[in-house]
Amino acid sequence: PTLRRLSHHLLAHYQKGSRPVRDWRTTTNVAIDLMVYAILSVDEKNQVLTTYIWYRQHWTDEFLKWDPARFDNLTQISLPVESIWVPDILINEFVDVGKSPHVPYVYVSHHGEVQNLKPIQVMTACSLDIYSFPFDVQNCSLTFTSWLHHIRDINLSLWRQPELVKFDRSVFMNQGEWELLYVLSRFQEFSVKSSDSYAEMKFYVVIRRRPLFYTVSLLLPSIFLMVMDIVGFYLPPHSGERVSFKITLLLGYSVFLIIVSDTLPATAVGTPLIGIYFVVCMALLVISLTETILIVRLVHKQDLQPHVPEWVKHLLLERAAILLCVRDRKKFSQSRTQSLEISRQVENNDSTAKLTPYGCEDPRECGAVGGTRSTLAFADRTEGLAALQEVLRETTAIRQLLEKREEFRDVAREWLQVGYVLDVLLFRVYLAALLAYSITLGTLWSVWRDA
């Protein structure tokens, strides 16, 4: 009965169509409070942030006052929200009506203070910056203002102290992808074309993405493939296995990019830094494959390969080899020494083959030694000398062929040495560029994360 009597007493002659002040010059002050409950979704493509907040309003209604002594010391009552005047406070960034539960009542105290507490699912437009994805921090604003009444009629203020609102995570669901850093609040006046000013209360919701999932699924596989590309440089440059290995890595990275393309946020404004990172890694793999093809083509053995130019020998085999501390030059010098020894042995065998069966170089000496032999023996000896000269001509041709083949081998060894030194040089340049690029990206992401 007391609640019914009080409710009938307050609403019997209540007019909810006008602002609840006895003097129209009196400003209605509405205090606003906000607590973030959850970050439901962040749509980078459509630039929409969906949050779930606990929203509270507080204002004074001069027509909802009573004396508690007349109503059994009742100081507070709940009334239907449709029966009283409610300020038209809206959020400027609203883009869609969320699925918010309807709260049908408000609390009214005997001093006329009205408290309207309700949860709201807010779908607001937000300028999302995804350049530093997945280490990005987003700052989205929620602007509360009266859509119709200017500041002389409805003024806004903050229910609690800004410090209490800033670090209030008491109701925040902290198990999702996004982490709530803080909520900033600021009051300002807004006017359009020298018209009346409107009061605005802005809340800046600052959130940060948890990057662990994206680090494991995006960054680590890419890093592993780049490490395998570096390991592939230790394959011998004169074998064809390195080319097939590099092509396999390039194909594997292409498949990896196709798989992760749906995971990366897509906007029409810009590309995230991680997308640029993937493109640069692909370009580095292509450069690595090009370098491998160049080295394999350089060290490939050919019969008509020209000699190494002197300036190439001076730059690569002397200056660059000393600068890079290449120790494998001894192998090439040993092989060259062995080829010279083989040629000397062939020359010795040819000089020995020039001797006659009697152990003398001049046939006249052989004739003087065998002057006592018969005419038939001399004829046989003449035929033997002709056969021996034929053998000498064949031996000379074989020696020339061996010398040419050894010359071709020497040229191939020189190009192999040039290719080896050039491969080491290009590998170290490639490794330095990759390390500098990785350090730069890591520094940028660390700076953004700490900021």
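The values are calculated or read from the model by the stated rules, or taken from the named source; none is laboratory data. Since this is a predicted model, take the numbers as computed values, not measurements. With ideal geometry, Cβ positions are generated from the backbone for all residues, glycine too; neighbour counts draw on all protein chains shown. The protein model used for the area step is the full one, side chains on, heavy atoms only, and it has no ligands, DNA or RNA in it. Shrake-Rupley method; radii C 1.70, N 1.55, O 1.52, S 1.80 Å.
Within the accessible surface of region 2-209, defined with a 1.4 Å probe on protein heavy atoms only, the carbon and sulfur portion equals 51 percent. Rounded to the nearest 0.05, what FRET efficiency do Gln400 and Leu441 give with R0 = 60 Å and r taken as the Cβ-Cβ distance? Could you check? About 0.50, to the nearest 0.05.
Spacing of the modelled spin labels on Gln161 and Ser83, each 7 Å from Cα toward Cβ, amounts to 3.8 nm. Residues within the reach of a label modelled at Lys65 (point 7 angstrom out along Cα to beta-carbon, backbone nitrogen below 20 Å), restricted to region 73-88, are 73-79, 84-87.
Stretching the chain fully between Asn139 and Ala386 yields a gain of 78.6 nm (0.36 nm per residue, less the alpha carbon separation). Rolling a 1.4 Å probe over the protein heavy atoms gives region 2-209 an accessible area of 53 Å² per residue. Taking the Cβ of Pro272 as the center, what net charge do the other residues with Cβ under 10 Å away carry, scoring Lys and Arg +1 and Asp and Glu -1? Local charge sum for Pro272: -3. For region 2-209, the pair-distance distribution built from all alpha carbon pairs, in bins 10 Å wide starting at 0, is 8, 30, 31, 20, 9, 2, 0 percent. Each label was represented as a point 7 Å from its Cα along the Cα-to-Cβ direction; for Val280 and Leu3 these points are 6.6 nm apart.
Positive-end ranking of Trp159, Ser7, Phe135 along the dipole of region 2-209, with charges on Cβ about the Cα centre, is headed by Ser7.
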